[in-house]
Amino acid sequence: MKEIRIHGRGGQGSVTAAEIIAVAAFEDKKYSQAFPAFGVERRGAPVMAFARIADNPIRVRSQIYNPDYVLVQDVTLLDVVDVAAGLKPDGKIIINTDRPKDKLKLKTEAQVVTIDATKIAMEILGRPIVNTIMLGAFCGATGLVNLESMNAAVSERFKGELGKKNLAAIKKAYEMVSHA
Amino acid sequence: MIQEQPLFAPGHRACAGCSMPTVVRLVLDATGPNVIVVSPTGCLEVTSTPFPESAWKVPWLHSLFENASAVASGVEAILKRRCQDTKVVVIGGDGSTFDIGMGSNSGMFERGHDIMYVCYDNEAYMNTGVQRSGSTPFCVHTTTTPSGKQSLGNPKPKKDMPAIAVAHRVPYVATASVAFPVDLRRKVKRAAELRGTSYLQINAPCITGWTFDSGATIELSRLAVETGIYPLFEFVNGKLADVKKIRPRPITDYLNAQGRYKHLFKAPGGKEAIAAIQAIADENIAKFGLAQE
Amino acid sequence: MGPGSTQVTKTGAWRTFVPVVDQKRCSKCSLCEIYCPEGCIRRVEGMFIPDLDYCKGCSICAHECPRKAITMILEEK
Amino acid sequence: MMKVVEGSYAIAQAVKCCDPDIVSAYPITPQTHIVEDLSKMVADGELKAEFLTVDSEFTALSVLVGSSAMGARSYSSTTSQGLALMYEVLYNVSGLRMPIVMTVANRAMGAPLNIWNDQQDAVGARDCGWIQLYAENVQEAMDLTPQAYKLAEDPDILTPVMVCMDGFILTHVYEPVEFLDHDKVKQFLPPFKPKVTLDPAHPVTIGAFADPSYFTEYRYLQQEAQKKALGKIGPIAKEFNEIFGRYYGGLIDTYRMDGADAAIVTMGSVVGTIKDALDEMWAEGKKVGLVKVRSYRPFPVKALRDALKDVSSIAVIEKDVSIGNEAGLTTDLKSAFYNTGMKTPIIGFAAGLGGRDITIQDIKRAGTKALAAARGPEEEFEFLTLRKEIL
């Protein structure tokens, strides 16, 4: 079983991202589970969401303390949240930032992947919503979910023109991270 | 004019001289048998349905003290779903109507269910032994607003429930009296024919709570109307449509006829209180134009 | 819980005073019938007769009769 | 068709397949998504039901008293404070023998205000005369919905049913579920045929006043109906299995009980986490089994006695406290054994209160204590994961 934790701020679509991961993994014929760190946090406050992917039905329902992968939607969270807490040493943390890796305040042995998702979002979507772009990066960096399945899951959520733009953004993020 | 076989049977356990069974009979006589009645907890429920007996010859449902309007809403929703042309009628006392069931009433009014709500208004919690309700008038002695060395009885005037119904845009709101059966029946018929919510508040004296001899029940209600303290009116779509004209009698005729005001004729300050009650009646007379030309 | 089944209970037993109708004075206005809380005043061959099985003796009928045709008398049981 | 959807949507889909005549509800976290999804289904014409948005939970259930008296299949959903606000109506519905089904998205009771999961709300309402069924996962909560109607509407039962599912943990989780097939549900759950309804052509009185010479018999008949439900919950689950191919046990279910030295007894969504924890414990040579209580009311005394007769000690993990004593399930379980002469130590843990996470490590700690309790319990009842440092 692989466990994923997503950090973001309220309104950035972290919970949606976790849900899309679950849907995409199921497309891959795997079992999945996604849930928010249930709270009363409002727009702008730090939030977390979780996802699990496994070959067998998932029974455990506790929160995730030792994730295999961490996604950070907003680099400013590094100042207020220990985003790498419990991250497995052989895991990966994917951070939306334009800063170089060595300038990030991170305590982890895990591999750090950075992507300027905000830039891609502004270019392609025209607004700074990065959750689907981070999913593209997640596919590229981990290979845990097939890009086609991710595209299908995203298309189910975002229809029409918005869906097409999201797929283009995902593709770009996927390629940038895969070739990194 | 009364049906040979009333829809509310004798053998019920209401006090000798109670006005409530007469109200119920008059209401059902005007609606006819194609109704479903919902009643909250109260004198009516307790005296009409002592298991395994029932005085009701129409379908009747009781759930709780404060939810009759909500229960009736559920009944009406299913009638509507089945396109069944049957009138839902709530018949409850003032405790459930003015106080504990207020939230349910507000919801029913606001949702605009096709329900006729009838309050038999005896102006206190009579079922539990004459405690003050939101309907209890100014200076009335009840067991929770007793008169005493420092009290002249209920310190607040009666809640204006019809105005609350009108404020909910209830299309038909009327008051009536058990002493004026022709007027009462006409109003019930009008409410029954309406497609929408209606609120009828019927003055219904209680022999034990108001303290008078059982034969005087109707007379007390007549006095309430004729002094102007219980104005009879109709609001149609928020506008005052009609009133029962009176030749106003002095309020003391009414107050003197019952025990719940008798402290006012003895206690210091009683005179002023009586004048204040007269002023409430005078205000009604002016506000609704009750005085006959 | 049959409809109207309270009729099995004869509330006439509650009564102390019994209404007596002077049929000659009766104007057939039917107010006694309308106001009776028990709904137990019946029209029998044009006359208004209280059903003593249910009459609780409240005297509303006597009080409201415009012709004073009804009197309440202490009942001998 | 299997799909990854939110738990609340799955419940709404299950409710839709039961063809309710009326849905009446008031929004409260974490129940909201269920009724939002149902209202959308009505708005889109997928669900032909009356949908009443009312002024309180108290009114929501009161409306269903009216609709149920009309013989209509009636549904609501609530949680926590909303369930507490319904308290008076809960007794009324069961006393009037109305087959209403309500999903309870279990949540803590304030104060302090807390929107997260535990089961204090429903366990606190255990004496109200409703049948209470608890779901382990979203699929079970879905599948219990038509089963609940079938049970509630059985002429021998005529008792309302709460389908309890842990708030957030199950209502807000996305996981794969098999959607119910509408036609198959129709086959499993025929239309409700009430014996008595409000009808001007045949006037009846419902909700009469019962004096001391009748009240005891009303209660007795309710108790008898719950006893009969003990014999129907399993067969209904099996009949569901024949049509839908899914089965979760009858009154209870067991896991790793063969050869277990100790047992954990619990209900609700923590069952899954416990199963994972027990796999690890067995791998470490610690033989702890699990008994999952599916029906809390009626309480399956006999099934529990049979399932637990061979273990040396028992730990109850439950998400509620009977403040001033121990907790509901612990007390009920102890009482089930008293007259059998069985002296198996039973210890209780209050866990997961107000959304406190229950981890595999927490379960293993409780399981280890359960094994040790065979030599006599150190503490009969304690709070698992108590943060002593902030007391």
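Scanning region B:10-30 for residues that are crowded, with 22+ Cβ neighbours inside 10 Å, farther than 16 Å from C:Ile60 by Cα and out of contact with any Pro (no Cβ under 8 Å at 6 or more places or on another chain) turns up B:Gly11, B:Val24, B:Val27. Being in contact with a Gly (Cβ under 9 Å, 6 or more places away or on another chain) and either part of a loop (DSSP other than H, G, I, E, B) or not basic (Lys, Arg) (or both) holds for only one residue in D:Ala315, D:Ala370, and it is D:Ala315. If you go through region D:265-305, how many residues are more than 14 Å from chain A (Cβ to nearest Cβ), in a strand (DSSP E or B) and hydrophobic (A, V, I, L, M, F, W, C)? Residues flagged as more than 14 Å from chain A (Cβ to nearest Cβ), in a strand (DSSP E or B) and hydrophobic (A, V, I, L, M, F, W, C) within region D:265-305 amount to 4.
Working carefully through the options D:Asp253, D:Asp258, D:Asp310, find the one that is outside any helix (DSSP H, G or I), under 18 Å from the mean Cα position of the chain (by Cα), charged (D, E, K, R) and surrounded by fewer than 24 Cβ atoms within 10 Å (Cβ to Cβ). Going through D:Asp253, D:Asp258, D:Asp310 in turn, the sole match is D:Asp253.
Determine, yes or no, whether B:Gly215 is outside any loop (DSSP other than H, G, I, E, B), surrounded by 15 or more Cβ atoms within 10 Å (Cβ to Cβ) and in contact with a helix residue (DSSP H, G or I) (Cβ under 6 Å, 6 or more places away or on another chain). It is true that B:Gly215 is outside any loop (DSSP other than H, G, I, E, B), surrounded by 15 or more Cβ atoms within 10 Å (Cβ to Cβ) and in contact with a helix residue (DSSP H, G or I) (Cβ under 6 Å, 6 or more places away or on another chain). The single condition from (1) assigned to a loop (DSSP other than H, G, I, E, B); (2) modelled with pLDDT of 95 or more; (3) not basic (Lys, Arg) that D:Glu378 fails is (2). Note on region A:64-98: among residues that are more than 14 Å from every other protein chain (Cβ to nearest Cβ) and among the hydroxyl-bearing types (Ser, Thr, Tyr), the one that is farthest from D:Thr273 (Cα to Cα) is A:Thr97.
Per the conditions (1) under 25 Å from B:Pro181 (Cα atoms); (2) in contact (Cβ under 8 Å) with a residue 40 or more places away in the chain; (3) out of contact with any helix residue (DSSP H, G or I) (no Cβ under 9 Å at 6 or more places or on another chain); (4) β-branched (Val, Ile, Thr), the sole criterion not satisfied by C:Ile73 is (1).
So that you can scan it fast, the table gives a plain yes or no per residue for (1) within 14 Å of another protein chain (Cβ to nearest Cβ); (2) under 16 Å from the mean Cα position of the chain (by Cα); (3) among the aliphatic types (A, V, I, L, M); (4) farther than 20 Å from D:Ala152 by Cα:
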residue: D:Met41; (1), (2), (3), (4): no, no, yes, yes
residue: D:Glu46; (1), (2), (3), (4): no, no, no, yes
residue: D:Gly66; (1), (2), (3), (4): yes, no, no, no
residue: D:Ser94; (1), (2), (3), (4): yes, yes, no, no
residue: D:Leu113; (1), (2), (3), (4): yes, no, yes, yes
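Tell me, yes or no, whether region B:27-38 has at least one residue that is within 15 Å of the chain's Cα centre (by Cα), in a loop (DSSP other than H, G, I, E, B) and more than 7 Å from chain C (Cβ to nearest Cβ). Checking region B:27-38: not a single residue is within 15 Å of the chain's Cα centre (by Cα), in a loop (DSSP other than H, G, I, E, B) and more than 7 Å from chain C (Cβ to nearest Cβ).
Only one of the numbered conditions (1) farther than 26 Å from C:Ser5 by Cβ; (2) in contact (Cβ under 8 Å) with a residue 40 or more places away in the chain; (3) surrounded by 14 or more Cβ atoms within 10 Å (Cβ to Cβ) is violated by D:Pro194, and that is (1). Of the candidates B:Thr41, B:Thr47, B:Thr97, B:Thr86, the single residue that is over 16 Å from the mean Cα position of the chain (by Cα), among the hydroxyl-bearing types (Ser, Thr, Tyr) and more than 7 Å from every other protein chain (Cβ to nearest Cβ) is B:Thr47. Which members of region B:231-240 meet the condition of being out of contact with any Leu (no Cβ under 9 Å at 6 or more places or on another chain) and either free of Cβ contacts under 8 Å to residues at least 40 places away in the same chain or assigned to a loop (DSSP other than H, G, I, E, B) (or both)? Answer for region B:231-240, where residues must be out of contact with any Leu (no Cβ under 9 Å at 6 or more places or on another chain) and either free of Cβ contacts under 8 Å to residues at least 40 places away in the same chain or assigned to a loop (DSSP other than H, G, I, E, B) (or both): B:Asn237, B:Gly238, B:Lys239.
Here region C:15-33 is the region considered, the condition is being touching a helix residue (DSSP H, G or I) at 6+ places or on another chain (Cβ under 6 Å) and within 16 Å of B:Ser214 (Cα to Cα), and the residue that is surrounded by the fewest Cβ atoms within 10 Å (Cβ to Cβ) is C:Cys32.
Given the structure, is B:Ala179 more than 29 Å from D:Ile206 (Cα to Cα), in contact with a strand residue (DSSP E or B) (Cβ under 9 Å, 6 or more places away or on another chain) and surrounded by 21 or more Cβ atoms within 10 Å (Cβ to Cβ)? Yes, satisfied. Residues in region D:171-213 that are within 14 Å of chain B (Cβ to nearest Cβ) and more than 30 Å from B:Phe8 (Cα to Cα): D:Pro191, D:Phe192.
Beta carbons closer than 6 Å, at least 6 apart along the sequence or on distinct chains, pair a first residue in region B:210-226 that is within 11 Å of another protein chain (Cβ to nearest Cβ) with a second that is in a loop (DSSP other than H, G, I, E, B) and β-branched (Val, Ile, Thr) for B:Ser221/B:Val178. May I ask you to list the residues in region A:37-88 that are within 24 Å of D:Glu6 (Cα to Cα), β-branched (Val, Ile, Thr) and outside any strand (DSSP E or B)? Residues satisfying the conditions are A:Val40, A:Ile58, A:Val60, A:Ile64. Quick check, is D:Met86 away from chain B (no Cβ under 14 Å) and of a type in the set (A, V, I, L, M, F, W, C)? In short, no.
Assess whether D:Thr266 counts as being surrounded by 18 or more Cβ atoms within 10 Å (Cβ to Cβ) and over 22 Å from D:Thr344 (Cα atoms). Judged against the criteria, D:Thr266 is not a match.
Would you check which residues across region D:196-230 are closer than 30 Å to D:Ser295 by Cβ, polar (S, T, N, Q) and not in a loop (DSSP other than H, G, I, E, B) and list them? Matches in region D:196-230: D:Thr216, D:Gln222, D:Gln223, D:Gln226. Residues in region B:5-21 that are outside any loop (DSSP other than H, G, I, E, B), within 15 Å of B:Met126 (Cβ to Cβ) and at the interface with another protein chain (Cβ under 7 Å from one of its Cβ atoms): B:Pro21 alone.
Count of region A:24-50 residues, restricted to those that are at the interface with chain D (Cβ under 9 Å from one of its Cβ atoms), at pLDDT 95 or above and touching a Phe, Trp or Tyr at 6+ places or on another chain (Cβ under 8 Å), is 5. The single condition among (1) under 15 Å from D:Gly66 (Cβ atoms); (2) more than 11 Å from chain D (Cβ to nearest Cβ); (3) surrounded by fewer than 21 Cβ atoms within 10 Å (Cβ to Cβ); (4) not acidic (Asp, Glu) that B:Lys80 does not satisfy is (2). Of the listed requirements (1) within 15 Å of D:Ile206 (Cα to Cα); (2) touching a residue at least 24 places away in the same chain (Cβ under 8 Å); (3) part of a loop (DSSP other than H, G, I, E, B), B:Asp85 misses just one: (1).
The values are calculated or read from the model by the stated rules, or taken from the named source; none is laboratory data. Predicted model only: the values in this text are computed from it and were never measured. With ideal geometry, Cβ positions are generated from the backbone for all residues, glycine too; neighbour counts draw on all protein chains shown.
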